[in-house]
Amino acid sequence: MNEEVRHSIDELCRLTGLTRRTVRFYVQKGLLDRPEGEKRGAWYTPHHVEQLLLIRKWTGAGLSLEAIGDLLAGKDSDMPPVKPLLPGTVEVRSHLVVADGIEVVVSPERAHMSPEALREFLRRVGEIYRVIQEENNDGQ
């Protein structure tokens, strides 16, 4: 009765929101452990689901697959150390316009922020601005 949970590739894809092609690509790149069993009899475990959800979290935070591979190769933190920017580096940044002339630009990877933490940060910046505006309007 204590049989290990097994998932087909289709079940794994439903659980993680990824395509079969992506799962196979991650296995090929060494980001995801190979499935148990062989060929059509291969199956995936809850550990594979955890790995894929972690990879999704990091790709959602803007990390490259190379950075994710480095992280999976032995670093224990939730976010990898940030490498210095080199000429020609392309980075994804979040840009919030708080008001005319007031903008916040965040590099989630360099700030070690998950998508959830970034959304909360930007929400709170907006709240602080509104409080300051209310105080300024009350004082006039």
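Can you work out which of the residues in segment 108-140 that are touching a helix residue (DSSP H, G or I) at 6+ places or on another chain (Cβ under 9 Å) and free of Cβ contacts under 8 Å to residues at least 12 places away in the same chain is surrounded by the fewest Cβ atoms within 10 Å (Cβ to Cβ)? Looking at residues that are touching a helix residue (DSSP H, G or I) at 6+ places or on another chain (Cβ under 9 Å) and free of Cβ contacts under 8 Å to residues at least 12 places away in the same chain, I get ALA117.
Of all the criteria given as (1) at pLDDT 85 or above; (2) touching a Ser or Thr at 6+ places or on another chain (Cβ under 7 Å); (3) open to solvent by 30 Å² or more (accessible area, probe 1.4 Å), the one not satisfied by LYS57 is (1).
Inside segment 3-54, can you point out the residues that are charged (D, E, K, R) and in a helix (DSSP H, G or I)?
Across segment 3-54, the qualifying residues are ASP10, GLU11, ARG14, ARG20, ARG21, ARG24, LYS29, LYS39, ARG40, GLU50.
The values are calculated or read from the model by the stated rules, or taken from the named source; none is laboratory data. Predicted, not measured: the structure shown is a model, and the values here were computed from it. Here Cβ is always computed from backbone atoms with ideal geometry, including for glycine, and neighbour counts include all displayed protein chains. These area figures cover heavy atoms from the full protein model, side chains too; ligands, DNA and RNA do not enter into them. Shrake-Rupley method; radii C 1.70, N 1.55, O 1.52, S 1.80 Å.
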